[in-house]
1. Relative contact order, percent, of the chain when contacts are C-alpha pairs under 8 Å separated by at least 6 residues?
2. Would you please give the residues with an amide H less than 5 Å from that of A353, counting only those at least 5 places away or on a separate chain, with H modeled from the backbone geometry?
3. Looking at the P(r) of the stretch 286-406, how many percent of alpha-carbon pairs lie beyond 21 Å?
4. List the relative contact order of the stretch 286-406 as a percent without decimals, with contacts defined as Cα pairs under 8 Å and 6+ residues apart.
5. Dividing the Cα radius of gyration by the Kirkwood radius, what Rg/Rh value follows for the chain?
6. Could you line up S469, S332 from fewest to most neighbouring Cβ atoms inside 10 Å?
7. To test your reading of the geometry: what angle, between 0 and 90 degrees and rounded to tens, separates the Cα axis of helix 202-216 from the longest principal axis of the chain?
8. How far apart, in nanometres, would the label points at E110 and K383 be if each is projected 7 angstrom from Cα along the Cα-to-Cβ direction?
Amino acid sequence: MISNKIEKMNKEYDVIIAGGGLGGLTAANVLAKQGRKVLLAEQHFQLGGLATYFKRKQHIFDVALHGFPVGMKKTLRKYWSKEMSEHITQVKSIRFDNPQFSIDTTFTKEDFTDKLVTEFNLKREVVDAFYDELDNMNYYDDRLMTNRELFDKYFPGRNDVVRFLMEPITYANGSTLDEPAITYGIVFSNFMSKGVYTFNGGTDLMIDMMKCELSKNGVDIAMSSKVEKVLLDNRKVKGALINGCEIKAKAVLSNGNILSTIHEWTGDSAFSPEFLKKVKDLRLNNSSCQVYIGLKPGESFDYIGDLLFTSTYPTFDPAKLVAHDMTSKTFSIYYPEIRPGSKDYTVVASMNANYADWANYTDEEYKIAKQKMIDDTIIALDKYIPGIADKIDYTEAATPRTFQHYTLHGNGSSFGTKFKGLDVSMNLHNEVPGLFHAGSVGIIMSGWLGAANYGVIMANNVDKYISSS
Ligand SMILES: Cc1cc2nc3c(=O)[nH]c(=O)nc-3n(C[C@H](O)[C@H](O)[C@H](O)COP(=O)(O)OP(=O)(O)OC[C@H]3O[C@@H](n4cnc5c(N)ncnc54)[C@H](O)[C@@H]3O)c2cc1C
């Protein structure tokens, strides 16, 4: 059943999933297929979380469909359906354009290696040794080396090489040069197997297909239903308070922000002082801004690549990627082929951003800052699509405030928490039996693939817990 009214749902389930992002959705599907009675409660009127879309005029704008690793195909096939996995197609061309270099790549390991050798004049053995080190990194042993140290080891003094290797990953998960190299290594190795992929048909089709699959497998979905409290009995989960309604469950799996899950929904008194000390160390990751551009009906432009990492800043500096004076922009170009049968062209520009830069504007200042971001984006895009301004019939902007509003992530944090969040998230149920978490925590779990796979890991933990309780 799908309903906006929590009162229509049963009063008792095996598990309540709090949040319908890719982690929550996938966990719900896996648990339902394992025969569990599942309630998925999503506070928004739409599923998908950050992996979402919205419709304006004749346009559908994809928020987070720039690309993911090929592993998404297997994940969809195993945990969703073969039909869904067949929608995964490779992105043809990824372009870098900045004062240091201008390069097109398919983002496969072979092509990247060739570019590093031919365009950056590196020795093939050095590039291979770098890849070997990444391939052999493992989450449990390799937390000490920083990204900076990793790059200095193989490419000393080569800021241009670091930019080529790191800029897409910094966009994808907010990582900096001072974070553990493992946070880079795992994400880069994932992407570097066979290139970058997308979902043909768009995010709207994927979410619709997920909704059908969940219904088919018996998941009850409560939309516009906010989990306000996790209910405990003797420090053990007994259900949740959703829009003021008590629903019983043996387990609650939160797909919401890890800090809200602990401090707001459950309450600090349920956790040990040692655990809370670890929680205190957690930092929310940074956020994003986006500009959405739709073309007038009948307008078009030639193929210019699918994903363009552009910057006017002279060197690579992660701090500049989040700075308010945006010198770096990633353009995702959506040609009509993404939605077979459509004639619509859209462009989504993404910039990393700090919440603090946007938080304190008055309404009027906020409106002006958003319009400036839109205008600057159109000027930057004109270099790649000359005359674009005359072809546009719709623009809109999102900021960290927008992301906070729609997902309830503190500070609009679009990649959850930094690295240390993963430990806290994975150990929640050791503190409060029956309480689990899956979502964008720790840089490693960022992105569609990471979030969906983390949902699977936690669904299996929930299943084991329910069996033993
Ligand atoms: C601008 C941008 C672009 C991106 N591009 C890409 C990309 O190209 N490729 C890629 O792989 N990844 C991309 N990502 C990252 C990716 O989208 C996310 O990592 C992933 O979707 C997060 O999934 P999640 O399971 O953590 O859930 P989230 O998406 O964080 O969803 C959490 C859900 O929980 C709900 N919720 C919160 N609190 C409550 C509550 N109290 N009660 C009920 N529900 C609640 C929210 O409404 C939301 O639906 C992008 C992210 C952003 C912001």
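Just so it is clear, none of the values below were taken in a lab; they were calculated from the coordinates. Model, not experiment: these values are computed from the prediction. Don't worry about glycine lacking a Cβ; one is built from the backbone with ideal geometry, like all the others, and counts go over all protein chains shown.
1. 24
2. S287, S288, C289
3. Details: 2891 of 7260 pairs.
Counting every Cα pair in the stretch 286-406, those more than 21 Å apart make up 40 percent.
4. That works out to 40 percent.
5. On the way: Rg = 22.0 Å, Rh = 22.9 Å.
Rg divided by Rh gives 0.96.
6. Numbers: S469 12, S332 22.
The fewest-first ordering by Cβ neighbours comes to S469, S332.
7. Orientation of helix 202-216: about 20 degrees from the principal axis.
8. About 3.1 nm, to one decimal.
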